[in-house]
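Taken together, the values in this text are just the output of simple stated rules run on the coordinates, not laboratory data. None of these values were measured; they are calculated from a predicted model. Cβ sites come from the backbone with ideal geometry, for glycine too, and all protein chains shown count toward neighbours.
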Amino acid sequence: MKRIFYTCWFLVIVLSVSVLIGGKIKPIGKRFLYQINGKGDLYTFCMVDEFKENFLVKRSANPKNNIASSDILTLGDSFFNSSIESFKAPQELETMINKNVYNFNLYVDDVLLNPLVYFKNGLYKSSDKKVLILETVERYSVNRIKNYSNLYSVSGYSTFERLRMKLFNNADMEYFFKNNVIIGPINKKIKNIRFNLFGEVDNRVTFYSENPKMLFYNESVAFNKSKKKQEDLILYADKMAELAKELENKYNVELVYIIIPNKFSIYYDFLDIMYSYDGFIPKFQNLLSERGVNYVDVYSEYMNYRKHDDSNLLYYMGDTHYTTLGKEMLLKSVIKKLEGMNK
């Protein structure tokens with residue numbers, strides 16, 4: 001009996017150490033992850049075969065530009081840094097306009113994307129005027145705007161804080177435990193059985209459409225359904241105007257702001273639910289216009305496409321990000337905006 005106890009205890013220790021190493025040391029953990037035959041962040045969450053799709057992820061070239069030699073600066077989230085079936089948006093933009101574009105490296109833990117962090121930590125006030133294209137997805141726009149102010153700390157995370165977050169944030173260990181080569185196949189099988197029998201998917205993507213097939217991220221749906229007071233929108237627009245003014249006065253940089261619509265904002269009609277879009281992006285952009293803040297209206301471009309064509313998807317079925325068509329439409333809108341600013 002004692003031998004069985006010690007054996008079980010030993011196995012628990014081995015499993016715990018394995019999960020710790022696999023979760024925290026990425027080069028080692030990657031070797032023991034279950035390789036899901038399909039792509040897309042939402043598909044990876046739910047692993048339901050019905051929503052599986054495969055696409056090529058392109059490896060972008062190493063940055064060759066520096067800030068001083070670049071006309072355009074870009075700072076964005078995973079949309080601007082997505083290389084699904086095409087290069088990252090800044091690299092594609094540079095090719096299209098034949099001008100140097102510098103894309104700020106996105107610190108994984110600087111989730112609020114405050115550009116003042118990057119400028120304070122090394123960007124000098126250039127004698128040549130530059131343009132900063134600041135991009136955010138709709139679902140995170142409000143939280144990020146709250147941080148776009150010189151009233152907030154812009155020092156970024158200290159080395160100690162980064163180490164603390166790395167050690168005590170256990171999301172990476174949980175992911176490795178659920179998706180290693182032993183548990184992963186079992187987990188995938190169970191998820192497909194649950195979907196086929198009960199129509200259940202992962203709690204991060206409980207909204208889905210089967211005709212046409214489309215997965216929706218819960219965070220996006222929650223943001224869209226949340227109430228947004230007009231007085232709050234006015235406050236957020238004021239903060240954006242303050243940011244634009246500070247960038248211009250301190251760094252000689254002109255701001256261009258982009259909100260990428262949530263997939264749910266564009267394709268909510270795929271779902272059989274009682275919902276209509278609250279118009280957050282158009283309302284907020286009108287407030288920006290009143291304050292003289294430059295922006296690119298991606299939402300209207302996408303909705304006009306759906307109204308007059310709609311033959312191809314603007315977002316991937318099993319991913320939160322836009323397709324190559326959606327990215328191309330965005331970049332053309334950016335170029336049109338830049339040309340208008342130069343007149």
### Query
What spacing in nm lies between the two simple spin-label points modelled at Leu197 and Asn105, each 7 Å away from Cα in the Cβ direction?
4.9
#### Entry: Segment Asp71-Ser226, extension gain: residue separation times 0.36 nm, minus the distance between their alpha carbons
52.0 nm
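Hey, fewest Cβ within 10 Å first, where do Phe223, Phe80, Phe45 land in order?
Numbers: Phe223 21, Phe80 24, Phe45 18.
Placing the least packed residue first, the sequence is Phe45, Phe223, Phe80.
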#### Entry: Efficiency of FRET from Cβ geometry, Glu328 and Asp278, R₀ 22 Å, rounded to 0.05
0.20
### Those aspartates and glutamates that a straight Cα-Cα span of less than 19 Å connects to Lys191, excepting residues fewer than 8 apart in one chain
Asp41, Asp49, Glu50, Glu53, Glu174, Glu200, Asp202, Glu210, Asp319
### Query
Per the Kirkwood formula on distinct C-alpha pairs, the Rh of the range 214-343 is how many angstrom?
16.2
### Query
What's the FRET efficiency of Lys245 with Lys213 using the Cβ-Cβ distance as r and R₀ = 35 Å, to the nearest 0.05?
0.15
## Note on the structure
Once both label points are put 7 Å beyond Cα along the C-beta direction, the Asp128-Met341 separation in nm becomes 1.5
### Query
Ser78 versus Leu56, label points 7 Å from Cα toward the beta carbon: distance in nm?
2.3
### Task
Report, ordered by chain and residue number, the aspartates and glutamates lying within cross-link reach of Lys58, taken as a straight Cα distance under 13 Å and ignoring same-chain residues fewer than 8 apart.
Glu85, Glu92
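When Ile67, Ile4, Ile145 are ordered from fewest to most other Cβ atoms inside 10 Å of their Cβ, what list results?
Numbers: Ile67 16, Ile4 8, Ile145 23.
By the 10 Å Cβ count, ascending: Ile4, Ile67, Ile145.
How much FRET efficiency would the formula 1/(1 + (r/R0)^6) give for Lys64 and Glu290, where r is the Cβ-Cβ distance and R0 is 45 Å, rounded to 0.05? Show your work: numbers first, answer last.
Working: r = 39 Å, r/R0 = 0.87.
Rounded to the nearest 0.05, the efficiency is 0.70.
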### Query
Tell me which aspartates and glutamates have Cα within less than 15 Å of Lys120's Cα, excluding those fewer than 8 residues away on the same chain?
Asp110, Glu246, Glu248
